[in-house]
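Everything below concerns the one structure shown next.
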Amino acid sequence: MSGSETASVLIRLRLGANEAHYGGNLVDGARILALFGDVATELLIRNDGDEGLFAAYQSVEFLGPVFAGDFIEAEGRIVRIGNRSREIVFEARKVIAARPERGPSAAELLEPPEIVARARGTCVVPKEEPTE
């Protein structure tokens, strides 16, 4: 894929007990940002054939809590392509919520998924070297 052909990238995973950072098995927002970084890496590989580097976030919004045992999907898409920069929008959604109050292995499918974070960031890729 190249340039405007790039579609969105989606990853989904379960957050384990080892990712709980605060009391009540709450997972910190940095874990969601790490997922956005993984999404950006795949987008850049698909678009440019290179992992690139994350340069900056223009905005980050944490909209809901995430707990150990929750299933999260993170999605991103390139919205602007510059000479070396790629502006990407991200959204993280909780698709399954752990329900420990109902039992140690209880969970609930969320329909519709709950948006837990949004962000906009810029990544850069190496400049193409001229061919001889």
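Every number in this text was worked out from the coordinates using simple rules, so none of it is lab data. Note that the coordinates shown come from a computational prediction; the quantities given were computed from them, not determined experimentally. Note: ideal-geometry Cβ built from the backbone for every residue, glycine included; neighbour counts use all protein chains shown.
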**Complete:** In the chain, taking the dipole from +1 charges on Lys and Arg beta carbons and -1 charges on Asp and Glu beta carbons about the Cα centre, the listed residue (ALA56, PRO126, ALA17) farthest towards the positive end is ALA17
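By how many nm would the segment from ARG12 to ARG80 grow when fully extended, if each residue of separation counts as 0.36 nm and the alpha-carbon distance is taken off? Don't skip to the end; give the middle numbers.
On the way: separation 68, 0.36 × 68 = 24.48 nm, distance 2.43 nm.
Taking ARG12 through ARG80 to full extension adds about 22.0 nm, to one decimal.
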**Asked** Tell me, what is the percent relative contact order of the range 3-124, built from C-alpha pairs under 8 Å that lie six or more residues apart?
**Response** 30 percent
**Fill in**
To the nearest 10 degrees, the tilt of helix 29-48 (Cα long axis) against the first principal axis of the alpha carbons of the chain is 30 degrees
**Request:** Match the structure shown to one of the listed values (i) 14.0, 43; (ii) 16.8, 66; (iii) 15.6, 50 of Rg and Dmax of the Cα atoms in Å, computed from it, and give that label.
**Result:** (ii)
**Prompt:** Once the other residues with Cβ under 12 Å from the Cβ of GLU61 are scored (Lys, Arg +1; Asp, Glu -1), what is the net sum?
**Reply:** +1
**Asked** So what is the calculated 222 nm ellipticity per residue for the chain, using -39500 (n - 2.57) for each DSSP H run with n of 4 or more, over all residues, to the nearest 500 deg cm²/dmol?
**Response** -5000 deg cm²/dmol
